[in-house]
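Participant: Shown below is the structure under consideration.
The values are calculated or read from the model by the stated rules, or taken from the named source; none is laboratory data. Worth saying up front: this structure is predicted, and the values here are computed from it rather than measured. No Cβ is skipped: glycine too gets one built from the backbone with ideal geometry, and neighbour counts run over all protein chains shown. In case anyone asks, the SASA skips ligands and DNA or RNA and just uses the protein heavy atoms, side chains included. Shrake-Rupley method; radii C 1.70, N 1.55, O 1.52, S 1.80 Å.
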Amino acid sequence: MKAVADAPAGRTLVVSEPRLAPQLALGESVAVNGACLTVVHVDGEAFAFEAGFETLARTNLGGLRPGERVNLERALRVGDRLGGHFVTGHVDCTGRVLERVPNDEWETVWFGFPPGFGELMVDKGSVAVDGVSLTLVEVRADRFSVMLIPHTRAHTTLGFRGVGAAVNLEFDLLAKHLRKLVRNAGPQERQEFSTG
């Protein structure tokens, strides 16, 4: 993060990334720590975003400081190969790093999450943490674990987030839609869902 400035309706975030900046166009979507933002300015090696109050309240972007590293990812284009699961950049909530358990170069990391989201996760399902698509190892009532491979540790912010650090969480899109369908279904439809 190169600079952060308060704006009338939120904050302006300026990122410096010399390999990415020349490729960006105004209005393009880029995920910053997994939150989809719109490029509003490009200048040499730097580019800027405006984050509104809703984004700042729901993500860890409000706590960013100059010099802090962030995950960046351009939007997927139709026809591109999908490596991972569907990640929209629409962050559901923030969680916290609870524990880091090293295993040689690999690492198991436990994250806590607020109530109401546990039903969206299953062991060996998917979750996005700071925009990184990960496989869930174990899911409990208020926490989940993932295994970070050396590449993920070296090339994302997840490799250095300490215990207590806030992370952006985006739960599986299909699970969210299925939960809504089941919740809105009448008794007959619920019975059909449960019996298959």
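Participant: For the condition surrounded by 14 or more Cβ atoms within 10 Å (Cβ to Cβ), closer than 29 Å to D6 by Cβ, at pLDDT below 95 and under 14 Å from the mean Cα position of the chain (by Cα), what is the one hit in V87, V97? Let's see the steps before the verdict.
Facilitator: Details: V97 fails: at pLDDT below 95.
It is V87.
Participant: For the stretch 64-74, which positions are of a type outside the set (K, R), open to solvent by 60 Å² or more (accessible area, probe 1.4 Å) and part of a loop (DSSP other than H, G, I, E, B)?
Facilitator: Passing the criteria: P66, G67.
Participant: Would you point out the residue of the stretch 23-57, among those that are of a type in the set (G, A, S) and either assigned to a strand (DSSP E or B) or in contact with a Gly (Cβ under 6 Å, 6 or more places away or on another chain) (or both), that is surrounded by the most Cβ atoms within 10 Å (Cβ to Cβ)? Walk me through how you get there before you give the answer.
Facilitator: Initially, the stretch 23-57 is screened for residues of a type in the set (G, A, S), giving 25, 27, 29, 31, 34-35, 44, 46, 48, 51-52, 57.
Still in the list and also either assigned to a strand (DSSP E or B) or in contact with a Gly (Cβ under 6 Å, 6 or more places away or on another chain) (or both): 29, 31, 34-35, 46, 48, 51-52.
Numbers: S29: 14, A31: 25, G34: 27, A35: 25, A46: 15, A48: 18, A51: 22, G52: 12.
Among those that are of a type in the set (G, A, S) and either assigned to a strand (DSSP E or B) or in contact with a Gly (Cβ under 6 Å, 6 or more places away or on another chain) (or both), it is G34.
Participant: Exactly one condition in (1) surrounded by 16 or more Cβ atoms within 10 Å (Cβ to Cβ); (2) under 29 Å from L134 (Cα atoms); (3) of a type outside the set (S, T, Y) is false for P18; which is it?
Facilitator: Single failed check for P18: (1).
Participant: Take the residues in the stretch 136-154 that are in a helix (DSSP H, G or I) and under 17 Å from the mean Cα position of the chain (by Cα), then tell me which one is surrounded by the fewest Cβ atoms within 10 Å (Cβ to Cβ). If you could, list the steps in order and put the result at the bottom.
Facilitator: So the first thing to find is which residues in the stretch 136-154 are in a helix (DSSP H, G or I), and the list is 150-154.
Imposing the further condition that a residue be under 17 Å from the mean Cα position of the chain (by Cα) reduces the set to 152-153.
Values: T152: 19, R153: 16.
That would be R153.
Participant: Filter the stretch 100-132 down to residues that are of a type outside the set (K, R), assigned to a strand (DSSP E or B) and open to solvent by 50 Å² or more (accessible area, probe 1.4 Å) and give me whichever is farthest from L64 (Cα to Cα). Before you say what the answer is, go through the steps one by one.
Facilitator: So the first thing to find is which residues in the stretch 100-132 are of a type outside the set (K, R), and the list is 101-123, 125-132.
Add one more test, that the residue is assigned to a strand (DSSP E or B), and what stays is 101-103, 106-112, 126-129, 132.
Next, only the ones that are open to solvent by 50 Å² or more (accessible area, probe 1.4 Å) stay: 101-103, 106.
Details: V101: 26, P102: 26, N103: 30, W106: 27 Å.
Among them, the one singled out is N103.
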